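Q: Here it is: the structure, laid out below.
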Amino acid sequence: MSPYAMSMLMSSLAMGTIITLSSSHWFLAWMGLEINTLAIIPLMTKMHHPRATESATKYFLTQATASALLLFSAAMNAWMTGEWTIVDMNSYIPTTILTIALAIKLGIAPFHPWLPDVLQGLDMMTCLILSTWQKLAPMALLILTSHQLNTSLLTLMALASAIIGGWGALNQTQMRKIMAYSSIAHLGWMTLVISFAPGLALLNLTIYLMMTSSMFVMLMALNATNMNKLSISWLKTPTLAASMMTGLLSLGGLPPLSGFLPKWLILQEMTKHHLGALSAVMALSTLLSLFFYLRLSYMISMTSPPNISNANLAWRKKNNLSLINPILIVLSTMLMPITPMLLM
């Protein structure tokens, strides 16, 4: 793709998200989401592969459906209340339709099936954009309207996302599908706490963005798209393989890594609201996710090919990482010491 076209598309992505984040009117927020969707479609199809075209088509259809539902809920709310502002969603039916629309946008269960299929057909850089940047605008709308949304519906979707996100990845060998199910599970935790403490949901989103970004950057550096390629990464770049193992354990939420911090604070918040049974089910659902993260960590650190690979591998891969990668690795694994500051 031409650098000029790429810069224009990336600028449109940024502009669409900024328009949605800074808007107070539903029509402006919807316009930002549409710019976002239209800007990423050419990035998806730049590989000129049937799988990429299929992924772009699936993504466009799901996002168009979600945008139509969002505009319909805003129009219905304006018809019932006379208000187009984002914070004035007071009617039951518009808020329910809005919740479903944002759930489709984000890929929250039970509206999740498009996400693994779409990610599997894309290159790693577009997967990174789709898993991180494209979550910002819908999640901002969800946080802005969280005090007016149906808490029971959000809780059910959160529980389904946490269970399906762990269950769906158990049988996967492709890294992009595993990261998609990981995204679904993390979105479940954000959706659970968003009605009770939107600040915690924002903290969870921030840490999720750092962990997912560092994981995709490492996968791109290792050129690993499945578990078999991951198992020989130790021979190429031992330091990066060790960092990836730590990052995977952080995604799983093991202490004392950064991924444990939001889960700990969310469970603490839920128990404050006397939702002990729900907290227990959510904590147990992380065991499903932890199983496949541990399996990947085992593949990276404790397995090696039974014989010399036929591929012409360099004994040590040249270090072509940018400065952003070590920063992301540190942030995605070592944020636990800031917990007392957050609790204050």
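Q: Assuming R0 = 22 Å, can you tell me the calculated FRET efficiency for the pair VAL330 and ASN228, based on Cβ-Cβ distance, to the nearest 0.05? Can you show the working numbers first?
A: Details: r = 29 Å, r/R0 = 1.31.
In this case the efficiency is close to 0.15.
Q: What does the accessible area of HIS49 come to, in Å² to the nearest 10, when a probe of 1.4 Å is used?
A: Its accessible surface works out to 90 Å², give or take rounding.
Q: Let me ask you something else. Can you check what the net charge comes to around GLY199, using other residues whose Cβ is under 15 Å from the Cβ of GLY199 (Lys, Arg +1; Asp, Glu -1)?
A: On the way: positive: LYS272; negative: GLU269.
With Lys, Arg at +1 and Asp, Glu at -1, the neighbours total 0.
Q: Ordered by residue, what ³J(HN,Hα) values in Hz, to whole numbers, does region 108-115 give under the Karplus form 6.51 cos²θ - 1.76 cosθ + 1.60, where θ = phi - 60° and Gly and Pro are x?
A: Ordered by residue, 3J(HN,Hα) equals 7, 4, x, 9, 9, x, 6, 5 Hz.
Q: Looking at the square roots a ≥ b ≥ c of the eigenvalues of the Cα gyration tensor of the chain, which shape do they give, rounded for a/c under 1.5, prolate if a/b is larger than b/c, or oblate? It would help to have the intermediate numbers written out before the result.
A: Values: a/c = 1.99, a/b = 1.36, b/c = 1.46.
The shape class here is oblate.
Q: Can I ask one more? At 1.4 Å probe size, with no ligands or nucleic acids counted, give the accessible surface of TYR298 in Å², nearest ten.
A: TYR298 has an accessible surface of roughly 120 Å² with all protein chains in place.
Q: Label SER91 and ASP123 with points 7 Å out from Cα along Cα→Cβ: what is the distance between them in nm?
A: Here the answer is 4.6 nm between the modelled labels.
Q: Whenever you get a sec, line up ARG295, ARG176, ARG51 from highest to lowest accessible area (probe 1.4 Å, protein heavy atoms). Display every interim value, and only then the final one.
A: Numbers: ARG295 65, ARG176 35, ARG51 100 Å².
Largest accessible area first, the residues go ARG51, ARG295, ARG176.
Q: Do the sum for the chain: with -39,500 (n - 2.57) for every DSSP H run of n ≥ 4, divided by all residues, what is the mean residue ellipticity at 222 nm, to the nearest 500 deg cm²/dmol?
A: Details: 17 runs with 253 residues, N = 344.
Helices in the chain give a 222 nm mean residue ellipticity of -24000 deg cm²/dmol.
Q: For MET6 and MET302, what does the FRET efficiency come to when R0 = 30 Å and r is the distance between their Cβ atoms, rounded to the nearest 0.05? Walk me through the numbers before you get to the answer.
A: Working: r = 40 Å, r/R0 = 1.32.
That pair, MET6 with MET302, gives E of 0.15.
Q: Then there's this: Using a 7 Å offset from Cα along Cα-Cβ at TRP84, what residues in region 13-33 end up with backbone N under 12 Å from the label point?
A: 24-31
Q: Can you tell me the length gained on complete extension of the stretch LEU284 to SER152, counting 0.36 nm per residue apart and subtracting the Cα distance? Intermediate values should be presented prior to the final figure.
A: On the way: separation 132, 0.36 × 132 = 47.52 nm, distance 2.00 nm.
My answer for the length gained is 45.5 nm.
Q: In debye, nearest 20, what is the charge dipole magnitude of the chain about its Cα centre with +1 on Lys and Arg Cβ and -1 on Asp and Glu Cβ, if you could check?
A: Values: 15 positive and 7 negative charges, 219 e Å.
In total the dipole reaches around 1060 debye.
Q: Would you mind checking which residues have amide H under 5 Å from ASN226's amide H? H placed 1.01 Å from N; only 5 or more apart, or other chain.
A: Answer set, sorted by chain and number: MET175.
Q: What are the membrane-span-like helices in the chain by this rule: whole DSSP H runs, Cα extent along the axis at least 24 Å, mean Kyte-Doolittle hydropathy at least 0.0?
A: Details: long enough: 3-22 (28 Å, 1.19); 26-44 (27 Å, 1.44); 50-81 (46 Å, 0.32); 151-168 (25 Å, 1.47); 175-193 (28 Å, 0.72); 198-222 (36 Å, 1.66); 276-301 (36 Å, 1.46).
Both cut-offs are met by 3-22, 26-44, 50-81, 151-168, 175-193, 198-222, 276-301.
Q: Round to a whole number: what % of the accessible area of region 3-343 belongs to carbon and sulfur, probe 1.4 Å?
A: Numbers: 10410 of 14780 Å².
The nonpolar share, carbon plus sulfur, comes to 70 percent.
Q: Set Lys and Arg Cβ to +1 and Asp and Glu Cβ to -1, take the dipole of the chain about its Cα centre, and tell me which of MET31, THR155, GLN172 lies farthest positive.
A: Positive-most Cα among the choices belongs to GLN172.
The values are calculated or read from the model by the stated rules, or taken from the named source; none is laboratory data. Just so we're clear, the structure is a prediction, and the values are computed from it rather than from any experiment. Counting neighbours? That spans all protein chains shown, and the Cβs are built from the backbone with ideal geometry, glycine included. Accessible surface areas use protein heavy atoms only, side chains included; no ligands, DNA or RNA. Shrake-Rupley method; radii C 1.70, N 1.55, O 1.52, S 1.80 Å.
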